[in-house]
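The values are calculated or read from the model by the stated rules, or taken from the named source; none is laboratory data. Note that the coordinates shown come from a computational prediction; the quantities given were computed from them, not determined experimentally. So basically every Cβ, Gly included, is an ideal-geometry build from the backbone, and we count neighbours across all protein chains shown. For accessibility, only protein heavy atoms count, side chains too; no ligands or nucleic acids. Shrake-Rupley method; radii C 1.70, N 1.55, O 1.52, S 1.80 Å.
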Amino acid sequence: MNCVTRVLPHVRETPDRTAIWTTRGATSFGDFGRLAAGAQALARREGLRRGDAVLLLDTPGPLLFATMIALLALGITVVFVEPWLGVRDVEHVLRRAAPRAFIGSRMAQLWALRVRAARRIPRWIHIRDVARDGNGGPLECLDLDPATPGTITFSSGTAGRSKGFVRSHACLWSLHEAITDVNRRDRLDGPELCVFPNLALLHLGTGRGAVLVPKSWSRRSLRRVEALCRQSRPASMATGPAFLLRLLRVADSSEAFGSLRAIAVGGAQTDCWILERCFARWPEARFTHVYGGSEAEPVALADAREAVERSRQRGRFQTLFVGQPIPMLETDPDPHRGLRVRGPNVAERFRDGAGAARDDGSSSGGDAASPDDRAPAPDDAWHEVGDRILADDEGWWYAGRAARPLEEFELEQRVYADLGTSACFVYREPGGRLVLCGEGVVRRVDEAGRDFLRRHPELEEVRDTSIVRDRRHRARIDRRASLARAGRRDEAGSR
């Protein structure tokens, strides 16, 4: 097995078809294949081979994805580190993954200079060297053990310390099956409008290609995306609620996004009103509500219109109905212990040295990992998602993190409905007091009147706090960071 075999037929059979659109131009599958072959030639010259790990860091685009495809095809594990992770987290990641090379842009290399473990990586390669070797010959694709590590990625860390996950070639193959099936049922021909860069790789495998949304979601950037969409006519999009809300501000006055026929929404809890506005903007599109986690994506799916209707019927401000688990997964939604999943699209938890051991068993640099550390987990291992899922005759309902009392989650949801906003959260202080924190909540509570505090006698204080969102989805509330930004109690407005 090799997950890259998903892409190769399109490189060979439809070389003139566009693979990637960016605000800088379009790249065909043929050009993409030549870039990947050049990346392989460069990797061979640098002495990289099957079993090595390589840190890859650049702005999403043809060079990044071609280099990733090239390395995966050779059985080299690709390590991704988000630039916004803390230095200590990055240090831990790189020391354990022990990459033999770092391929990145000049900006990425300047960023990496501050991390000691990055400075210790033996080979630093500028990613633009890939483009200089465009005549690298045919793209080679090795036959690999399905359990061969393909990628190592890390969670955003909003629920605690950032966690690492290893996706084998078998896992990446199943991930492709699970996610692209959402859009493949209608046999869509147009490309995917990609908000999440990792999905671009999957849609290279479908042959549909990807329109990449820039990291900046400014009005200027979205106008550039609008111009791209007029040319490419994207048929589908997977997004979180934050980008969806930004897009609505442009899409309401533009026909450029009218080609969308399948829209999947996930990554964070979505306010019902956001989806209702989208239903009005794209009345003919099929909307899918996606529930998943860093371990497995997706875990459960629901028709978004049904999910909103059921959530509204129960007085929910957010879309908490998540439907049914996907067939390829085995699940255990224990409401006390939290959801556990196992199946082919579930990533392995990163352990020391995962993906960094050569075929001959020697270490590829950095801290040596013991054989037990590198040994794969049993096939039947359960993975703890950490969410509380309540199941009834209608399906699954998201009910917060399992480590948090259900009563606090329910209180928070009632507050959202009463105040008409989810830009706030309930926080239990070390002494046990429950405090409502959020943006402009003091004013909102005043406007709601005395009935609000009577309905929620558990709340002992209301405090204005700037909300910090996670850097990946820009939708989830990072509670620890929000409280840290607020500082001492006497520096924030409170009631």
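Contact list please: Cβ distance under 6 Å, first residue in segment 370-392 and at pLDDT 80 or above, second residue among the aromatic types (Phe, Trp, Tyr) and surrounded by 12 or more Cβ atoms within 10 Å (Cβ to Cβ), pairs at least six apart or on different chains.
Matching pairs, first to second residue: ILE389/TRP396; LEU390/TRP397.
If I ask for residues that are open to solvent by 20 Å² or more (accessible area, probe 1.4 Å), closer than 24 Å to THR270 by Cβ, part of a helix (DSSP H, G or I) and not hydrophobic (A, V, I, L, M, F, W, C), which ones from segment 434-484 would you list?
Across segment 434-484, the qualifying residues are ARG444, ARG479, ARG480.
As an exercise: evaluate CYS278 against (1) modelled with pLDDT of 95 or more; (2) open to solvent by 10 Å² or more (accessible area, probe 1.4 Å); (3) not aliphatic (A, V, I, L, M) and give the number of the one condition it does not meet.
So CYS278 meets the others, but not (2).
For a quick check of your reading: which strands (runs of 3 or more DSSP E) sit entirely within segment 263-349 and have at least 2 residues that are touching a Ser or Thr at 6+ places or on another chain (Cβ under 6 Å)? Show your work before the answer.
On the way: elements: 286-291, 300-303, 321-325, 330-334, 338-342.
The qualifying strands (runs of 3 or more DSSP E) are 321-325.
Looking only at residues in segment 79-102 that are without any contact (Cβ under 8 Å) to a residue 60 or more places away in the chain, in contact with a helix residue (DSSP H, G or I) (Cβ under 7 Å, 6 or more places away or on another chain) and open to solvent by less than 40 Å² (accessible area, probe 1.4 Å), which one is farthest from GLY51 (Cα to Cα)?
So the residue we want is GLU91.
Quick check on segment 46-65: of everything there that is of a type in the set (Gly, Ala, Ser) and over 22 Å from TRP111 (Cα atoms), which residue is least open to solvent (accessible area, probe 1.4 Å)? Step through it out loud before you land on a result.
Taking segment 46-65 as the starting set, the residues that turn out to be of a type in the set (Gly, Ala, Ser) are 47, 51, 53, 61.
Remaining after also requiring over 22 Å from TRP111 (Cα atoms): 47, 51.
Working: GLY47: 33, GLY51: 10 Å².
Checking each candidate, the answer is GLY51.
Tell me, which residue of segment 1-41 that is assigned to a loop (DSSP other than H, G, I, E, B) and without any contact (Cβ under 8 Å) to a residue 24 or more places away in the chain is surrounded by the most Cβ atoms within 10 Å (Cβ to Cβ)?
Keep residues of segment 1-41 that are assigned to a loop (DSSP other than H, G, I, E, B), which gives 1-2, 7, 14-17, 23-24.
Narrowing further to those that are without any contact (Cβ under 8 Å) to a residue 24 or more places away in the chain: 15-16.
On the way: PRO15: 15, ASP16: 8.
Ranking the candidates gives PRO15 first.
Picking from ALA391, ALA423, which residue would you name as being within 30 Å of ARG342 (Cα to Cα) and among the aliphatic types (A, V, I, L, M)?
Details: ALA423 fails: within 30 Å of ARG342 (Cα to Cα).
Checking each option against the conditions leaves just ALA391.
Could you tell me whether any residue of segment 23-38 is touching a Lys or Arg at 6+ places or on another chain (Cβ under 6 Å) and either at pLDDT below 95 or under 18 Å from ARG233 (Cβ atoms) (or both)? Break it down into steps so the answer makes sense when it comes.
Quick first cut of segment 23-38, residues touching a Lys or Arg at 6+ places or on another chain (Cβ under 6 Å) only: 23, 29.
Checking which are either at pLDDT below 95 or under 18 Å from ARG233 (Cβ atoms) (or both) leaves us with 23, 29.
Yes, because at least one residue in segment 23-38 is touching a Lys or Arg at 6+ places or on another chain (Cβ under 6 Å) and either at pLDDT below 95 or under 18 Å from ARG233 (Cβ atoms) (or both).
Residue by residue through segment 74-115, note down the ones that are in a helix (DSSP H, G or I), closer than 22 Å to THR148 by Cβ and small (Gly, Ala, Ser).
ALA97
Output the residues belonging to segment 163-182 that are part of a helix (DSSP H, G or I) and either in contact with a helix residue (DSSP H, G or I) (Cβ under 8 Å, 6 or more places away or on another chain) or at pLDDT 85 or above (or both). Write out each step before concluding.
Going residue by residue through segment 163-182, those that are part of a helix (DSSP H, G or I) are 169-182.
Within segment 163-182, HIS169, ALA170, CYS171, LEU172, TRP173, SER174, LEU175, HIS176, GLU177, ALA178, ILE179, THR180 meet the criteria.
Here are ARG106, ARG116, ARG123: which of them is open to solvent by 20 Å² or more (accessible area, probe 1.4 Å), under 22 Å from PRO214 (Cβ atoms) and at pLDDT 90 or above?
ARG106
Is it true that some residue in segment 248-266 is touching a residue at least 40 places away in the same chain (Cβ under 8 Å), open to solvent by 10 Å² or more (accessible area, probe 1.4 Å) and closer than 20 Å to ARG469 by Cα?
no
Pairs only if they're at least six apart or on different chains, beta carbon under 6 angstrom, first in segment 267-296 and more than 26 Å from VAL385 (Cβ to Cβ), second open to solvent by less than 40 Å² (accessible area, probe 1.4 Å) and part of a loop (DSSP other than H, G, I, E, B); list them, first residue then second.
TRP282/LEU260; ALA285/LEU260
I'd like the full set of residues that are over 23 Å from ALA307 (Cα atoms) and either of a type in the set (Val, Ile, Thr) or part of a loop (DSSP other than H, G, I, E, B) (or both), limited to segment 231-251.
Passing the criteria: ARG233, PRO234, VAL250.
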